[in-house]
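S.K.: Quick one: this structure, given as C-alpha cells, is what I'll be asking you about.
The values are calculated or read from the model by the stated rules, or taken from the named source; none is laboratory data. If you're wondering where the values come from, they're calculated on a predicted model, not measured in any experiment. Virtual Cβ from ideal backbone geometry, glycine too; neighbours counted across all protein chains shown.
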Amino acid sequence: MIRVGINGFGRIGRNIFRILADREDVMVTAVCDPANPAGLEYLLKYDTILGRFPHELRVADGHLYMRGRQIVFSSNAERGAMKWGDLGVDVVVEATGKSQTRSELEAHLDAGAKYVVLCAPPLEAPDKTIIMGINESALSKDDRIISNASITAHCAAPVIKLLSEAFGIERMYFTSVHAYTNDQRLADVPANDLRRSRAASLNIIPTETGSAKLLENLFPRLEDRISGLALKVPVPNGSLVDMTFFTEREVSVTAVNEVVRTGAAAQFPGLVAYSEDPIVSSDVKISPYSCTFDSLATQVLDGKIVKTLGWFDNGWGYAHRAVELMSHIAKVGGNS
C-alpha cells in the first residue's frame, strides 16, 4: 500500500482525494491546509464541477472520517510542522499551487516523507519532471522530488511525440486556452500581474506559460523551437491546447488524424482519446484523459503547416496522472 499525504486541499488536492476515495492500494493518510476545516469539508462534499462527494464524510477533532477511515486533517501550515514519517506517509503531494524552492520542498523529506510529487512548477529544478506515457522510464529510485509537469504539457506532449515520430517537427507554437482558475479575480481587483487583476468571468486574459520550456526539456531536439502563451477564458471548466506544427515532411489532414488515432490506441491508452464528434469545452468535463484529440479541427496549410486541437478537463485528468505517477514511484522504489 502507498500512503499519501496531501499538502494543499484546493482543486487538485480535492481531485486527488476523490480519485483515491475508493482505492485500497493508494490511500490518503493525512491532509494539510491552513483554511478553515469546516469550509474544506463543505467544498469536498459539494463541488460545482464534480458534483456531490460519493460517500458520507465529516471533519472533527483534527481528523476526516470517511468509509471507516480516520485521516489526519491538519490546519498547521508551518513548514516542517507535519511529521509525515510519524503518520506513515510515503508520498507527499505538494498541491498548494505555490512555486517553491528546493529547500522548502525538502522540508517534506526532512519530516519523514520518502517522496514529494509537485503539482505546481518549482522555483528550482526538481530531481525529475515526469509525464506518464512519455518519460516515466527516466525515473530512478534516487529521485525524491518529482514534478508532475503541467496540465498543458500533459495534453500537448503525446501529440508532439506522435507527429514528431511520423513526420518530423521543425518547430511548434501553441496557445493554451484555459478556463479561469482560483488564483484569478472575480471582479477588477489590484494584483501584481495587471492582466490578472481583471475580472476572470468577464474577460479573455493573456498570460505567460512555462509549458514551452517543459516541453523542450522533454523533447531536446526541439530546444529553442517551441514557444507559446496562455489565454484564460471565461468558462469554469474545459480547456484546450491549440498546436501549430511546422513539419519536415509533407502531410495531409487524413495522415495526421490517422497517426494520432492509431498512436493513441497503441502508445497512449487511457491517456489520449480520439474524437470524431463536434465537441465543445463542456464535453470534456470530468474527463480522465490528458488529451482529447479533436480530429474535426485538424488543418493543413501548404503541406507542412499543421494545426491541431487537444481538449482537457481543468484538472481531473492531471490528478489521475499524479496518482499514476505515485504508483510508478512506488514500483521504481521497490515499495510495491
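S.K.: Tell me which residues, restricted to the stretch 218-246, are of a type outside the set (A, V, I, L, M) and under 23 Å from VAL260 (Cβ atoms). I'd like the intermediate steps shown before the answer.
M.R.: Step one: filter the stretch 218-246 for residues of a type outside the set (A, V, I, L, M), giving 219-221, 223-225, 227-228, 232, 234, 236-239, 242, 244-246.
Those that are of a type outside the set (A, V, I, L, M) and under 23 Å from VAL260 (Cβ atoms): PHE219, PRO220, ARG221, ARG225, SER227, GLY228, GLY238, SER239, ASP242, THR244, PHE245, PHE246.
S.K.: Could you list, in sequence order, the residues of the stretch 138-177 that are more than 13 Å from the chain's Cα centre (by Cα) and part of a helix (DSSP H, G or I)?
M.R.: Result: ALA138, PRO158, VAL159, ILE160, LYS161, LEU162, LEU163, SER164, GLU165, ALA166, PHE167.
One line per residue, one yes/no per condition, for (1) modelled with pLDDT of 95 or more; (2) closer than 19 Å to VAL117 by Cα:
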| residue | (1), (2) |
| --- | --- |
| ALA30 | yes, yes |
| GLU41 | yes, no |
| LEU44 | yes, no |
| ILE49 | no, no |
| HIS55 | yes, no |
| TYR65 | yes, no |
| ILE71 | yes, no |
| ALA77 | no, yes |
| GLY88 | yes, yes |
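S.K.: Take SER290 and tell me if it is touching a Ser or Thr at 6+ places or on another chain (Cβ under 9 Å) and among the hydroxyl-bearing types (Ser, Thr, Tyr).
M.R.: Values: touching a Ser or Thr at 6+ places or on another chain (Cβ under 9 Å): no; among the hydroxyl-bearing types (Ser, Thr, Tyr): yes.
Considered against the rule, which asks whether it is touching a Ser or Thr at 6+ places or on another chain (Cβ under 9 Å) and among the hydroxyl-bearing types (Ser, Thr, Tyr), SER290 comes out as no.
S.K.: Considering the stretch 283-297 alone, what residues qualify as being touching a helix residue (DSSP H, G or I) at 6+ places or on another chain (Cβ under 8 Å) and farther than 23 Å from VAL323 by Cα?
M.R.: SER295
S.K.: On the given criteria, is PRO288 part of a loop (DSSP other than H, G, I, E, B), within 23 Å of the chain's Cα centre (by Cα) and not hydroxyl-bearing (Ser, Thr, Tyr)?
M.R.: Answer is yes for this residue.
S.K.: So in the stretch 204-256, with the set limited to residues that are assigned to a loop (DSSP other than H, G, I, E, B) and of a type in the set (A, V, I, L, M), which one is surrounded by the fewest Cβ atoms within 10 Å (Cβ to Cβ)?
M.R.: Residues of the stretch 204-256 assigned to a loop (DSSP other than H, G, I, E, B): 204, 208-210, 219, 223-225, 234-238, 248-252.
Now drop any that are not of a type in the set (A, V, I, L, M), which leaves 204, 235, 251.
On the way: ILE204: 12, VAL235: 16, VAL251: 21.
Across the stretch 204-256, the extreme among qualifying residues is ILE204.
S.K.: Does GLY310 satisfy the condition of being at pLDDT 95 or above, within 25 Å of ASP242 (Cβ to Cβ) and either outside any helix (DSSP H, G or I) or among the polar types (S, T, N, Q) (or both)?
M.R.: Numbers: at pLDDT 95 or above: yes; within 25 Å of ASP242 (Cβ to Cβ): yes; either outside any helix (DSSP H, G or I) or among the polar types (S, T, N, Q) (or both): yes.
Criteria met by GLY310.
S.K.: Looking only at the stretch 72-130, which residues are touching a residue at least 60 places away in the same chain (Cβ under 8 Å) and over 16 Å from the mean Cα position of the chain (by Cα)?
M.R.: MET82, TRP84, LEU87, GLY88, VAL89, ASP90, VAL91, HIS108, ALA113, LYS114, TYR115
S.K.: Checking the conditions here, which among GLY39, GLY10, GLY51 is in contact (Cβ under 8 Å) with a residue 12 or more places away in the chain and either loosely packed, with under 14 Cβ neighbours inside 10 Å or under 30 Å from LYS331 (Cα atoms) (or both)?
M.R.: Just one listed residue meets the conditions, GLY10.
S.K.: Does ALA191 satisfy the condition of being more than 18 Å from the chain's Cα centre (by Cα) and among the aliphatic types (A, V, I, L, M)? Quick ask: steps written out before the conclusion?
M.R.: Details: more than 18 Å from the chain's Cα centre (by Cα): yes; among the aliphatic types (A, V, I, L, M): yes.
So ALA191 passes the test.
S.K.: Next question, about the same structure. Identify, by number, the condition in (1) farther than 14 Å from CYS119 by Cβ; (2) modelled with pLDDT of 95 or more; (3) surrounded by fewer than 20 Cβ atoms within 10 Å (Cβ to Cβ) that ILE19 doesn't meet.
M.R.: Status for ILE19: all satisfied but (1).
S.K.: While we're here: Tell me yes or no: at least one residue of the stretch 261-274 is at positive phi and surrounded by 13 or more Cβ atoms within 10 Å (Cβ to Cβ).
M.R.: So the first thing to find is which residues in the stretch 261-274 are at positive phi, and the list is 270.
Checking the rest, the ones that are also surrounded by 13 or more Cβ atoms within 10 Å (Cβ to Cβ) come to 270.
Yes, some residue in the stretch 261-274 is at positive phi and surrounded by 13 or more Cβ atoms within 10 Å (Cβ to Cβ).
S.K.: Please work out which one of (1) on the phi > 0 side of the Ramachandran plot; (2) out of contact with any Asp or Glu (no Cβ under 9 Å at 6 or more places or on another chain) is the condition THR209 fails and give its number.
M.R.: Among (1) on the phi > 0 side of the Ramachandran plot; (2) out of contact with any Asp or Glu (no Cβ under 9 Å at 6 or more places or on another chain), THR209 violates only (1).
S.K.: Another one. Mind checking which pairs have a first residue in the stretch 307-336 that is in the same structural domain as LEU163 (by TED's automatic domain parsing) and under 28 Å from VAL233 (Cβ atoms) and a second that is among the acidic types (Asp, Glu) and at pLDDT 95 or above, Cβ under 6 Å, 6 or more apart or different chains?
M.R.: Note: pairs meeting the criteria are LEU309/ASP242; LEU309/ASP294.
S.K.: If you don't mind, there's one more thing I want to ask. So which pairs qualify, if the first residue must be in the stretch 194-214 and closer than 18 Å to ALA156 by Cβ and touching a residue at least 40 places away in the same chain (Cβ under 8 Å), the second must be part of a helix (DSSP H, G or I) and among the hydrophobic types (A, V, I, L, M, F, W, C), the Cβ gap must be under 6 Å, and the two must be at least 6 apart or on different chains?
M.R.: What qualifies is SER211/ALA153; LEU214/ALA153.
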